[in-house]
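Presented below is the structure to which this report refers.
Rule-based calculations on the coordinates, nothing more; no lab input. Predicted model only: the values in this text are computed from it and were never measured. Because the Cβ atoms are built from the backbone with ideal geometry, glycine has one as well, and the counts that use them run over all protein chains shown.
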Amino acid sequence: MVQKLVKSSDEITKLSSFASDIWHEAFSELLTIEQIDYMLEKFLSPKAIFSSIKEGYEYYYLRDNYKDIGFTAICQKSDNTLFLSKLYLIKEQRGKGYLEKTFDFLKNYAKEKNLNSIWLTVNKQNYRAIAGYKKMGMKVIRSEVTDIGSGFVMDDYVFSLSRENF
């Protein structure tokens, strides 16, 4: 699996559209359409992606045979950790080993940067993702509810994978 770093404004616009397709399919049973659209605008619009890249986030397309099958976004934090901000696969590619391959990429990235852990947040009702992260060796370290505005909240578990498990 190849990871392609997203840099240009054309790639950012394409990624935003790709994310919208994935999110509407993946979250339609967990969130309202209104919350999905709000979160896409807030976190995955071209403007939001560009802004987060300026803050140090890196976005990668996950590819197989030059076909985009998903994407991820990561950010090295000041506490010497790697925040896995986003990891999404298109429906027909889930369950085919791409999560493991993506985690190999993340672990290598974290090792190269000498980071202490990889962490992420995941919706408490997203049982498929939770099972996948547990399979990767991640552990729940806390739960949190984050107000994201407009009457919406994210009710998440925070997962972490410590360096000794890389």
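In terms of overall dimensions, the C-alpha atoms belonging to the chain reach 41, 36, 32 Å along their principal axes, ordered largest to smallest. Just checking the listed ones, Ser28, Ser78, Ser52: in the Gaussian network model of the chain with Cα springs under 10 Å, the one fluctuating most is Ser78. Note: relative contact order over the range 31-107, using C-alpha pairs below 8 Å and six or more positions apart, is 17 percent.
Just checking the listed ones, Leu15, Leu44, Leu31: in the Gaussian network model of the chain with Cα springs under 10 Å, the one fluctuating most is Leu31. Simple point charges give the picture: +1 on the Cβ of Lys and Arg, -1 on the Cβ of Asp and Glu, and for the chain a dipole about the Cα centre of about 620 debye.
Amide H contacts for Gly70 (H built 1.01 Å from N in the peptide plane; partners 5 or more residues away or on another chain; cut-off under 5 Å): Leu62, Ile90.
In order along the range 53-69, the phi-based Karplus estimate (6.51 cos²θ - 1.76 cosθ + 1.60, θ = phi - 60°) of 3J(HN,Hα) comes to 4, 4, 8, x, 6, 10, 10, 10, 6, 9, 10, 9, 6, 6, 9, 6, 10 Hz; Gly and Pro are listed as x. Dividing the summed -39500 (n - 2.57) terms of all DSSP H runs of n ≥ 4 by the residue count of the chain sets its mean residue ellipticity at 222 nm at -12000 deg cm²/dmol. Taking θ as phi - 60° and the Karplus parameters 6.51, -1.76 and 1.60, the scalar couplings of the range 15-32 work out to 4, 4, 5, 4, 4, 4, 4, 5, 4, 4, 6, 6, 10, 4, 8, 9, 10, 6 Hz in sequence order, x denoting glycine and proline. Candidate cross-link partners of Lys7 among the aspartates and glutamates, defined by an alpha-carbon separation under 18 Å and a same-chain spacing of 8 or more, comprise Glu55, Glu58, Asp68.
Farthest towards the positive end of the charge dipole of the chain, among the residues Phe71, Phe50, Ser28, is the Cα of Phe71, using unit charges on the Cβ of Lys, Arg, Asp and Glu.
Of the trypsin sites (Lys or Arg not before Pro) in the range 36-80, which ones lie in a loop per DSSP and count no more than 16 other C-beta atoms within 10 Å? The qualifying sites are Lys77.
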